[in-house]
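A short worksheet on the structure shown next.
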Amino acid sequence: MNEFLTHYAYLIVPIVKIAILVFIILTVDAYLTWIERKVIAHLQARWGPHRVGPHGLLQPLADGVKFIFKEDPMPANVDKAAYFLAPFITLMLALTSLAVIPFAPQHFTVFGYETGIGIADVNISLLVLFAITALGVYGVALAGWASNNKYSLLGGLRSSAQMISYELALTLSVVGVLLIAGDFSLRKIVDQQAGSGHGLISWNIFPQIIGFVCFFIAAIAETNRVPFDLPEAESELVAGFHTEYASMKFAMFFIAEYTSMITISCLATIMFFGGWLSPFPASWTFTQYLPSVLLIPFGLWVIFDGIRYENMFGRMLLPVVGGALTAIGVALVIFPVFNDAIQGIFWFLTKVFAFLFVYIWMRGTLPRFRYDQLMSFGWKFLLPVSIANVILTSVVILWRMH
Amino acid sequence: MSAQVIIFFVLAALAVLAAINLIVQRHPIHSALSLIVVMVALAGLYLLMGAEFVAAVQIIVYGGAIMVLFIFVIMLLNAGEEERTNFSKLALYGGIPLAVAVTGLIAASIVNSSTATALPPAQPVTLTSTRTLSHLLFTEFVYPFELTSFLILVAILGAIVLAQREN
């Protein structure tokens, strides 16, 4: 058995990693919907979901069950092959793009097979990511076309036009980072931002602030989120390209959207915000206890909140969750080995979560663009600015070399 | 058989099947989709040869940009299914012998080369890496490279002129 594992480790380890990552991502997607609904609700002075489980925490589970058991009608005269293929393509590409993201600096060896945290460590990971995003247009375009519905077709066309237009700006906006790092590998891009250990001053965000602004705007458009969610503008196009999709097929588009939000947030973190690097100088060793400092009070607050919760189920569940969080926080203080190990992943997740929060925040704040505004903004403003950023960065790098 | 050989045959079979499907399908969208599969399978083959940059660019440019245009045009024109006409005389008497001849030629050249030098050893990855490729493009092949960019620029200008003519 052990020999078998050692021999086929190059196959088994990635498969196990993929299974774990897909499980984690799907769970995060589910809870992202809960966070989104809660945050937007509070922005609009409402409560948001609060019926299923304490604070509506089991709402994603209920939604999942609903999606699985809902009837899945197929409209007449759809192009069957393309209609079925579209949600699969969309979801598959969204999940695949996560494969090249490195989540933490550690390397470990399982059955004599050295591997990192993250599925594939390719040395052109950024190009792979863009290649997969480039294919993402097909899912949307096909869904719109195959549904044989005018709203769907218009939504699909709009969205593919939008994705093509903003893909250019997205790709050009990271060229500045590539010029600084001199490498396509996301891991090397993060390592280069470590600088000489002075924390956040060597991150790419400072020399590349223009690039970052272009990147983030283009990324929101690329993921079809507010204020660029024209493909699904309810008042004009019903639900856009997924009007004719129901049940699990609709859920696939939904999961894909949230997964690409996560991917883009990871990418923004890696390219501009130092990935898993701590923002503090390396000499400030006391900042290592930040995870515990956050976890313990939060856990205690959850316990306190849980004890006086209105129903029995909440009074039972919330203290357990809070107790677990507090216990993790305490364990991190007691065992410095664990604390060192989670530093990278802690900072990475914190930054990714901050980006996801900005996404949701914008959804609760900004109105939608008009379609012609969107196109002229992308082509006449974003693209020239990102090209200018490339030229500016190259000139500065060349000037420094001489 | 090593894993590489297995992957090669899977990708090659995928490319050939998708190419056949491209011709057999009657709906333009299905044909275009098959063409995308061919492009992606070819990118996989490039990757297998260690040409990672070429593989990524193949997907970004051909799979992403060019084929999206194809799909766009087909969707905008709302092209319906092709009518199957009577089998053309030209296709029967000209096409089939031509296809057989081309296949024979390719097969013959493969047989000839494999008897002489066997398979060329897999290129070391460092040789085709992105850095080497860009270095070659901007030193040794800089004139062809710049000329091609110029050609593309002319084509873009031409497209704009053609599009503007009606106004």
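Checking the a/c ratio against 1.5 first, then a/b against b/c, what shape does the Cα gyration tensor give for segment A:215-354?
Working: a/c = 3.20, a/b = 1.43, b/c = 2.24.
Judged from the Cα gyration tensor, segment A:215-354 comes out oblate (a/c at least 1.5, b/c at or above a/b).
How big a patch of accessible area, both sides summed and in Å² to the nearest 100, lies buried between A and B at a 1.4 Å probe? Intermediate values should be presented prior to the final figure.
On the way: alone 20370 and 13040 Å², together 31520 Å².
Interface between A and B: roughly 1900 Å².
Taking A:A86, A:A218, A:A331 as the candidate residues, the one with maximal mean-square fluctuation in a Gaussian network model of chain A, Cα springs under 10 Å, is A:A331.
Surface composition of the protein assembly as shown: carbon and sulfur make up 74 percent of the accessible area, probe 1.4 Å. Answer with one residue from A:L58, B:A32, A:G199: the one whose Cα lies farthest towards the positive end of the charge dipole of the protein assembly as shown, charges on Cβ with Lys, Arg +1 and Asp, Glu -1. The one lying farthest along the dipole's positive direction is A:L58. If R0 equals 60 Å, the separation of the Cβ atoms of B:A107 and A:V213 corresponds to a calculated FRET efficiency of about 0.60.
Can you list the residues in segment B:7-32 whose accessible area drops by at least 10 Å² when all protein chains are present, compared with the chain alone? Use a 1.4 Å probe, heavy atoms only. Residues meeting the cut-off: B:H27, B:I29, B:H30. In the elastic network of chain A, a GNM with C-alpha springs shorter than 10 Å, the most mobile of A:S283, A:S292, A:S147 is A:S283.
Per residue, the accessible area of the protein assembly as shown comes to 55 Å², computed with a 1.4 Å probe over protein heavy atoms only.
The values are calculated or read from the model by the stated rules, or taken from the named source; none is laboratory data. All of these numbers come straight from a predicted model, not from anything done at the bench. Counting neighbours? That spans all protein chains shown, and the Cβs are built from the backbone with ideal geometry, glycine included. Quick note on the areas: whole protein, heavy atoms, side chains included, nothing else; ligands and nucleic acids left out. Shrake-Rupley method; radii C 1.70, N 1.55, O 1.52, S 1.80 Å.
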